[in-house]
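The values are calculated or read from the model by the stated rules, or taken from the named source; none is laboratory data. All values reported here derive from a predicted model rather than from experimental measurement. When we count neighbours, we look across all protein chains shown, and the Cβ atoms used for this are built from the backbone with ideal geometry, even at glycine.
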Amino acid sequence: MVSRLRSTRTVCWLVILASVTPFTAPALAQDSLPPAPYAYQQLEDPALEAKATDLMHTLRCLKCQSQSIADSDAPMAGDMRHQVRTRIAAGEEPEEVRQWLVDRYGDYVSYQPRVTASTWPLFAIPVLVVLLAGFILRGRLGRKKGDAE
């Protein structure tokens, strides 16, 4: 009876362990990799480093989402900084590097989004809301003026 109870407990723990392990393994594997060479190392040419730094301040960290890749300590941001510095050192212009990152990660990676077929509502809706608020205020204030006379 006791051995049967122990074997049941063992099986339960093995099932729990087997169900939890797939969810924790990717998180542990991400941080075990060494950082990319240019993640924390600046370029030797100050002009190229200035171009890279200016570009990095306009790119969003995909993991942090509220920081630029220049300010983030996330491993993903380090990889992106490495890509930016490597490509600029190879002679690419900052806009070419930005376009490569946008093509790879989507428009969300840039703090300077372009107006495209999928992003135009982001630019149009605030204008429409302001216009609607203006019409409502004009109507209400116009009515009060007419009532006062």
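Laid out as a table, the results:
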item: Unmet criterion (only one of (1) at pLDDT 85 or above; (2) outside the structural domain of residue 59 (by TED's automatic domain parsing)) for residue 119; result: (1)
item: Cβ-Cβ under 6 Å pairs, at least 6 apart or on other chains, the stretch 114-128 side within 25 Å of residue 95 (Cβ to Cβ), far side modelled with pLDDT of 85 or more and assigned to a helix (DSSP H, G or I); result: 115/123
item: Those residues of the stretch 92-126 which are among the charged types (D, E, K, R) and in a helix (DSSP H, G or I), in sequence order; result: 95, 96, 98, 103, 104, 107
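Listed here are the residues, each with its yes/no results for (1) at pLDDT 90 or above; (2) on the phi < 0 side of the Ramachandran plot; (3) surrounded by fewer than 14 Cβ atoms within 10 Å (Cβ to Cβ); (4) of a type in the set (Phe, Trp, Tyr).
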position	(1), (2), (3), (4)
22	no, yes, yes, no
27	no, yes, yes, no
36	no, yes, no, no
60	yes, yes, no, no
66	no, yes, yes, no
91	yes, no, yes, no
97	yes, yes, no, no
103	yes, yes, yes, no
